[in-house]
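Before any comments, here is the structure.
The values are calculated or read from the model by the stated rules, or taken from the named source; none is laboratory data. Model, not experiment: these values are computed from the prediction. Every residue, glycine as well, gets a Cβ built from its backbone with ideal geometry; the counts of neighbours run over all protein chains shown.
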Amino acid sequence: MHWEVRKLKYLGKLFAGLSGKNSNDFSKIPKVNFKPFITFSTIYQNTVISDANKTLEYVKIEKFEQQNKVDYNSVLFLMSSETIEDIAKSAIYQGSNNELYLNSFCKGFKTKNKNLLPQFLNFLVNSISYRIYFMIYARGFTRINLKQEYINNAPILLPPKNEQAEIVKYIEAKTTQIDHSIALQEAEIKRLQTYKTVLIDQAVTGKIKVI
């Protein structure tokens, strides 16, 4: 097999989310000197974060303040969660913001190795095998946490770049098909629920003959 195995820390750089902030520094609406940041829930709810599905809140950033920014194709990890199954769940950012920050309870990863596609990495670390790997090292009771060393030291399967591209293409095509099927089924369920409500109404109000 011609796939390599490399620790993630040798393929790029992990960066922290917002630090040194208090409750007065955050807002759900835009304000002067406040900049958008990616919320915990946006990462939790998505695998790919785009302009269409991102939920942004706002944080006060002083002019000369040093905070890490999220770039296009940054892979974002949840470092804390309510359930062990969600620890280190990731999403890749592919939106259009020029200045964007990251929730405090998250880490971001920027690839530095030209042989690693960020899209492939994102799908890889969301696979069952990697979910189990992160769950093994997670700690906590009421809140589950993961130390960043376990992200950095994660053994990453590294196929040739052309194979990564083919894998990403295959997954995106199949997930699009599945999402379409889910949407159709949800529409049918909604139609049946409406029919059920109308049927009950007609039966109890004598609009249809049942006996």
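If I filter the range 42-54 down to residues being surrounded by 12 or more Cβ atoms within 10 Å (Cβ to Cβ) and without any contact (Cβ under 8 Å) to a residue 40 or more places away in the chain, which single residue comes out as nearest to ALA91 (Cα to Cα)? Among those that are surrounded by 12 or more Cβ atoms within 10 Å (Cβ to Cβ) and without any contact (Cβ under 8 Å) to a residue 40 or more places away in the chain, it is GLN45. Within the set ILE189, ILE182, ILE167, ILE200, the sole residue that is in a helix (DSSP H, G or I) and surrounded by 13 or more Cβ atoms within 10 Å (Cβ to Cβ) turns out to be ILE167. Looking only at residues of the range 72-85 that are out of contact with any Ser or Thr (no Cβ under 9 Å at 6 or more places or on another chain), modelled with pLDDT under 95 and not in a strand (DSSP E or B), we find that the one that is surrounded by the most Cβ atoms within 10 Å (Cβ to Cβ) is ILE84. The set of residues in the range 104-115 being surrounded by fewer than 22 Cβ atoms within 10 Å (Cβ to Cβ) and not hydroxyl-bearing (Ser, Thr, Tyr) consists of PHE105, LYS110, LYS112, ASN113, LYS114, ASN115.
Might you check whether a residue that is assigned to a strand (DSSP E or B), touching a residue at least 60 places away in the same chain (Cβ under 8 Å) and touching a strand residue (DSSP E or B) at 6+ places or on another chain (Cβ under 9 Å) occurs anywhere in the range 20-34? No: zero hits. Against the list (1) touching a strand residue (DSSP E or B) at 6+ places or on another chain (Cβ under 8 Å); (2) not assigned by TED's automatic domain parsing to the domain that holds ASN53, the condition ASN145 fails is (2). If we keep just the residues of the range 103-133 that are part of a helix (DSSP H, G or I) and without any contact (Cβ under 8 Å) to a residue 12 or more places away in the chain, which is farthest from PHE40 (Cα to Cα)? The extreme case among them is SER129. Only residues that are touching a helix residue (DSSP H, G or I) at 6+ places or on another chain (Cβ under 8 Å) and either touching a residue at least 60 places away in the same chain (Cβ under 8 Å) or part of a strand (DSSP E or B) (or both): list them for the range 55-68, please. Passing the criteria: LEU56, VAL59, LYS60.
The requirement of being over 24 Å from GLN164 (Cβ atoms), in the same structural domain as MET135 (by TED's automatic domain parsing) and touching a Pro at 6+ places or on another chain (Cβ under 9 Å) is fulfilled nowhere in the range 102-111; no residue meets it.
Scanning the range 1-25 for residues that are more than 21 Å from PRO160 (Cβ to Cβ) and either surrounded by fewer than 15 Cβ atoms within 10 Å (Cβ to Cβ) or at pLDDT below 95 (or both) returns LYS13, ALA16, SER19, GLY20, LYS21, ASN22, SER23, ASN24, ASP25.
Evaluating VAL59 against the criteria (1) more than 13 Å from LEU18 (Cβ to Cβ); (2) touching an Asp or Glu at 6+ places or on another chain (Cβ under 6 Å) leaves one unmet condition, (1). In the set (1) under 21 Å from GLN119 (Cα atoms); (2) touching a Lys or Arg at 6+ places or on another chain (Cβ under 7 Å); (3) assigned to a strand (DSSP E or B), THR42 fails one condition alone, (3).
Scoring ALA91 on the criteria (1) within 19 Å of PHE26 (Cβ to Cβ); (2) assigned to a strand (DSSP E or B) leaves a single failure, condition (1).
Of all residues in the range 133-152, exactly one satisfies the criterion of being modelled with pLDDT of 95 or more, exposed (fewer than 15 other Cβ atoms within 10 Å of the Cβ) and either hydrophobic (A, V, I, L, M, F, W, C) or more than 12 Å from MET79 (Cβ to Cβ) (or both), namely ILE136.
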